[in-house]
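The values are calculated or read from the model by the stated rules, or taken from the named source; none is laboratory data. Keep in mind that this is a model prediction, so the values were computed, not measured. Cβ placement follows ideal geometry from the backbone for every residue including glycine, while neighbour counts extend to all protein chains displayed. Areas reflect the complete protein model, heavy atoms only, side chains present, ligands, DNA and RNA absent. Shrake-Rupley method; radii C 1.70, N 1.55, O 1.52, S 1.80 Å.
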Amino acid sequence: MRSFMLVAIMVFSALYVHQAQAFECGKLEFGAKLGDMDDGNFVLYMEKDGVTYYNYVGACRLPVHQKASPAIAYAFVDGKYYARIIRVAGREKKDILADMEKSFCKPVSVKSEGDVSLYQCDLPNDIEFKFKYNNKTGEARTAAYSKALRKSIGKADLAEFPEQ
């Protein structure tokens, strides 16, 4: 009887313990709380200008992993998922633009400053996507972020990869 009660209590307790859902790195669920997403694999590496930046060390496979070895940062504002920033070196600009148009959107804004080209477009759910390419070094940076959360901090350029 004691064993049955112990098992019943353990099962009952497990029903009330809130477990974090496994993070799905391919989804852009901006505004989600870090505490609800964190499955123990987010590693804080920097806080700057009201934004906290994390590496995700769990299993994460994005389409970019099939073509490059990306560095990926996840940004949070007030504990809410704000942006995903990806840096890649060694891919041709035309190939990245083709992938961008196929998977996300066709750029509606194109700017050039010196060696750098910047492409922008809007995604559904108030998300902006930017692609910045250094024509001299071949380094590419993309940023997808919540425009609503961006307004709360006034961050100037999310296509810059955060470095300490």
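Keeping to the stretch 101-154, report how many residues are farther than 19 Å from residue 29 by Cα and either touching a residue at least 40 places away in the same chain (Cβ under 8 Å) or part of a helix (DSSP H, G or I) (or both).
First, the residues of the stretch 101-154 that are farther than 19 Å from residue 29 by Cα: 101-102, 106-120, 131-141, 154.
Next, only the ones that are either touching a residue at least 40 places away in the same chain (Cβ under 8 Å) or part of a helix (DSSP H, G or I) (or both) stay: 101-102, 118, 133, 135, 137-141.
Final tally of qualifying residues: 10.
Could you list all residues from the stretch 115-136 that are more than 15 Å from residue 150 (Cα to Cα) and among the β-branched types (Val, Ile, Thr)? Residue satisfying the conditions is 116 alone.
Residue-wise test of (1) within 12 Å of residue 93 (Cβ to Cβ); (2) at pLDDT below 80; (3) open to solvent by 40 Å² or more (accessible area, probe 1.4 Å); (4) in contact with a helix residue (DSSP H, G or I) (Cβ under 8 Å, 6 or more places away or on another chain).
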site	(1), (2), (3), (4)
123	no, no, no, no
126	no, no, yes, yes
129	no, no, no, yes
145	no, no, no, no
154	no, yes, yes, no
157	no, yes, yes, no
162	no, yes, no, no
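Quick check on my filter: what residues within the stretch 25-55 are free of Cβ contacts under 8 Å to residues at least 40 places away in the same chain and in a loop (DSSP other than H, G, I, E, B)? Once the filter is applied, which keeps residues that are free of Cβ contacts under 8 Å to residues at least 40 places away in the same chain and in a loop (DSSP other than H, G, I, E, B), the stretch 25-55 yields 26, 27, 38, 39, 40, 41.
Could you please let me know if residue 88 is in a strand (DSSP E or B), at pLDDT below 90 and either farther than 18 Å from residue 32 by Cα or small (Gly, Ala, Ser) (or both)? No.
Taken over the stretch 88-103, the criterion of being more than 14 Å from residue 118 (Cα to Cα) and either under 16 Å from the mean Cα position of the chain (by Cα) or among the aliphatic types (A, V, I, L, M) (or both) is satisfied by 88, 89, 98, 103.
Which members of the stretch 67-85 meet the condition of being among the hydroxyl-bearing types (Ser, Thr, Tyr) and either in a helix (DSSP H, G or I) or open to solvent by 30 Å² or more (accessible area, probe 1.4 Å) (or both)? Talk me through it step by step, then tell me what you get.
As a first pass, look at the stretch 67-85 and keep what is among the hydroxyl-bearing types (Ser, Thr, Tyr): 69, 74, 81-82.
Result: 69, single match.
Answer with yes or no whether residue 58 is at pLDDT below 90, in contact with an Asp or Glu (Cβ under 7 Å, 6 or more places away or on another chain) and either open to solvent by less than 30 Å² (accessible area, probe 1.4 Å) or not in a strand (DSSP E or B) (or both). Against the criterion (at pLDDT below 90, in contact with an Asp or Glu (Cβ under 7 Å, 6 or more places away or on another chain) and either open to solvent by less than 30 Å² (accessible area, probe 1.4 Å) or not in a strand (DSSP E or B) (or both)), residue 58 qualifies.
Given 90, 26, which one is open to solvent by 60 Å² or more (accessible area, probe 1.4 Å), within 16 Å of residue 142 (Cα to Cα) and not charged (D, E, K, R)?
Details: 26 fails: open to solvent by 60 Å² or more (accessible area, probe 1.4 Å).
One residue alone meets the criteria, 90.
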